[in-house]
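See below for the structure under consideration.
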Amino acid sequence: MTAPVALNPEAARTALRQVKDPELDMNIVDLGLVYDVEIVDGEVRVKMTLTSPGCPAGPMITNDAYRVLRGLEGVKDVDIEIVWEPYWTPERMDPKVRALMGL
């Protein structure tokens, strides 16, 4: 039996890698959509963005993020804030992902 993973921002980011932008079929962490993860007393606060303000997949992405974070041991509540500053650009993507996409 493995020991439970401590609830920390890195564990939350790892969980968020399960959430994909369906239009790009890539996870939101590698896409650079997750700006900040903070955990205080079991409350996970995420600041993230979408690839555009009119992103039709926005509700699905935030619902998936909420679901995977709520599934982590020790999480009492999840707050996901969509922010538009800084505005997302492809430069925010993981360099390996950018290279893979030819950007």
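Here, each number is a calculation from the coordinates, and none is a lab measurement. Here the structure is a predicted model, which is why all the values come from computation and not from measurement. Cβ placement follows ideal geometry from the backbone for every residue including glycine, while neighbour counts extend to all protein chains displayed.
Given Cβ point charges of +1 (Lys, Arg) and -1 (Asp, Glu) and nothing else, what value in debye, to the nearest 20, does the dipole of the chain about its Cα centre take? Present the calculation step by step, with values, prior to reporting the outcome.
Details: 11 positive and 17 negative charges, 50 e Å.
Its charge dipole is roughly 240 debye.
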List the residues, sorted by chain then number, that are 5 or more residues from Tyr35 or on another chain and whose placed amide H is less than 5 Å from its amide H. Lys47, Met48, Thr49
May I ask for log10 I(q)/I(0) of the chain at q = 0.16 Å⁻¹, from a Debye sum over the Cα atoms as equal point scatterers with solvent left out? -0.67
Tell me which trypsin sites (Lys or Arg not before Pro) from region 33-103 have a DSSP coil assignment and no more than 15 other beta carbons within 10 Å of their own. Lys76
Please give the calculated 222 nm ellipticity per residue for the chain, where each DSSP H segment of at least 4 residues contributes -39500 (n - 2.57) and the sum is spread over every residue; nearest 500 deg cm²/dmol? -7500 deg cm²/dmol
Spelling out what I want: for every residue of region 22-29, take phi, set θ = phi - 60°, compute 6.51 cos²θ - 1.76 cosθ + 1.60 (Karplus), and round to whole Hz; glycine and proline get x. x, 6, 9, 6, 9, 6, 5, 6
Longest segment of the chain with no GluC sites (Glu not before Pro) in a DSSP loop having at most 16 other Cβ atoms within 10 Å? 24-72
Which order results if Leu31, Leu7 are arranged by neighbouring Cβ count within 10 Å, fewest first? Leu7, Leu31
